Amino acid sequence: AEQASALEVPVSCELVELSKLDIGFCVGCNRCLAQTSCTLEDDMNDLYEKLRDADVVLLASPDYFGTVSARMKNFMDRTRPFHMVENVLTGKVGGAMSTAGLNNCGGEGTLAALDSWFATQGMLSVHPRTAGAPLSGGVVATGFAGLDETGQPRWRSVKADEIGFALARQLGREAACLAVRLA
């Protein structure tokens, strides 16, 4: 953690929201078996370039029934051209984050699916490690705020999950430090 906080390298980042993009479904044409591009023309073409140019890729998805959202799964499917002919993303740094409704459950499957995507792409996956006792094995911000006096759940915005966001910041530091060491 101390090494990560000593990062003095300028870092630029870009937020890409899949919900605002037009990304079609893979049609199973298998042309990516012979080329590192997809034949479909949509917003994924811009994402291919962003992925090629990035040193670090952090993926975040809400937990939907123990795995990534359909939009994230579609994005993951559409990166097939990046590992069929050659591993375009090999050696890049990746990190996974999720949101879930309840504390201490639900996000694990989502994080595992994202980590599996990093592995398939030949990427180096980092995980947050704060100073002191471990807080979690990954970044999952939750909306559960405890139970009220009648035993009913209280909800909050996931933005109020201090531990989740501390872990997300640590994940970013870990990913940036690893990218700098690999450069």
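Worth a mention:
- Sparsely packed chymotrypsin sites (Phe, Trp or Tyr not before Pro) within segment 29-121, loop by DSSP, other Cβ within 10 Å at most 12: PHE65
- In a DSSP loop and with at most 14 other Cβ atoms within 10 Å, the GluC sites (Glu not before Pro) in segment 12-113 are GLU14, GLU17, GLU41, GLU86.
- All Cα pairs of segment 135-182, percent lying beyond 14 Å: 60
- Relative contact order (%) - the chain, alpha-carbon pairs under 8 angstrom, separation at least six: 23
- The charge dipole of the chain, taken about the Cα centre with unit charges on the Cβ atoms of Lys, Arg (+1) and Asp, Glu (-1), comes to about 220 debye, rounded to the nearest 20.
- FRET E, pair GLU86, VAL180, Förster distance 22 Å, beta-carbon r, rounded to 0.05: 0.30
- Under the shape rule built on the C-alpha gyration tensor, where the axes satisfy a ≥ b ≥ c, the chain is oblate, since a/c reaches at least 1.5 while a/b does not exceed b/c.
- Our summary gives segment 4-94 a relative contact order of 38 percent, counting only alpha carbon pairs under 8 angstrom and 6 or more residues apart.
- Each helix, a run of at least 4 DSSP H residues, gives -39500 (n - 2.57); summed and divided by the residues of the chain, these come to -10000 deg cm²/dmol at 222 nm.
- Across segment 142-153, coupling constants 3J(HN,Hα) worked out from phi with the 6.51/-1.76/1.60 Karplus curve, θ = phi - 60°, read 10, x, 6, 10, x, 10, 7, 5, 9, x, 8, x Hz, and Gly and Pro carry x.
The numbers here are math on the coordinates, done by the rules we state, and not lab data. Just so we're clear, the structure is a prediction, and the values are computed from it rather than from any experiment. All Cβ positions, even for glycine, are placed from backbone atoms using ideal geometry, and neighbour counts span all protein chains on display.
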